[in-house]
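Have a look at the structure below, then the notes.
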Amino acid sequence: MEKQLTIGRILKPQGIRGEVKVKPYTDSAEDFSGLKRVYIDGTEYRILSCRIGGEDVFLNLRGVADRNAAEFLRNKEIVIPRDEAPELEEGVYYIADLLGSEVVTEEGEFLGKLTDVRQASTDVYTIEKDGKEIMFPVADGVVVSVDPDAMRIVVNKKRYQEVAVL
């Protein structure tokens, strides 16, 4: 498992006092509220304030005093140590823990390796097999079980074939 988790990306400076607008990669922007520090390009930044605006997060970071300093952080990813990450509910996983998992049917047929997860109202998984990409939504009845420790995702073959995009 990864020792660090990427939890968002800085979109742009917000205002003139060094605040940055962040696109969270978490299920909820509220996950940022409990954080005390983040890392950007390996540098630790203490969070001075955090506010939520819709699906975006706005952070004031120590050492980022004005718009010019915030501009240097544009498009940078925000990372936290795994042990400081919010606790997850049962059956919910960090994407980083699923990437590279083999996707198989209930009968054990190998469908591919998970290479990407696009977050939407229903997540969309991208798997790769023999250089070919296949995408499928994680809709009701598609995913039967997920075992991040074994790096294995089991899907219902019939349902998978109904929704997969080749």
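Taking the options Ser33, Ser28, Ser101, name whichever one is among the small types (Gly, Ala, Ser) and free of Cβ contacts under 8 Å to residues at least 12 places away in the same chain.
One residue alone meets the criteria, Ser28.
Assess whether Val20 counts as being more than 17 Å from the chain's Cα centre (by Cα), farther than 23 Å from Tyr94 by Cα and assigned to a strand (DSSP E or B).
yes
Out of the residues in the stretch 78-114 that are of a type in the set (Asp, Glu) and loosely packed, with under 15 Cβ neighbours inside 10 Å, which is nearest to Ile7 (Cα to Cα)?
Applying the filter and picking the extreme gives Glu84.
Are there any pairs with C-beta distances below 6 angstrom linking a residue in the stretch 48-65 that is free of Cβ contacts under 8 Å to residues at least 24 places away in the same chain to a residue that is crowded, with 20+ Cβ neighbours inside 10 Å and of a type in the set (A, V, I, L, M, F, W, C), with the two at least 6 apart or on different chains, and if so which?
Going by the 6 Å Cβ cut-off, the qualifying pairs are Cys50/Phe32; Cys50/Leu59; Ile52/Ala29.
For Glu128, indicate whether it is part of a strand (DSSP E or B) and outside the structural domain of Pro24 (by TED's automatic domain parsing).
Here the answer is yes, as Glu128 does meet what is asked.
I'd like to know if the stretch 64-86 contains one or more residues that are out of contact with any strand residue (DSSP E or B) (no Cβ under 8 Å at 6 or more places or on another chain), over 16 Å from Gln14 (Cβ atoms) and in a loop (DSSP other than H, G, I, E, B).
The answer is yes; a qualifying residue exists.
The values are calculated or read from the model by the stated rules, or taken from the named source; none is laboratory data. Fair warning: this is a prediction, and the values are worked out from it, not measured in the lab. FYI the Cβ positions are ideal-geometry reconstructions off the backbone, even for glycines, and counts take in every protein chain you see.
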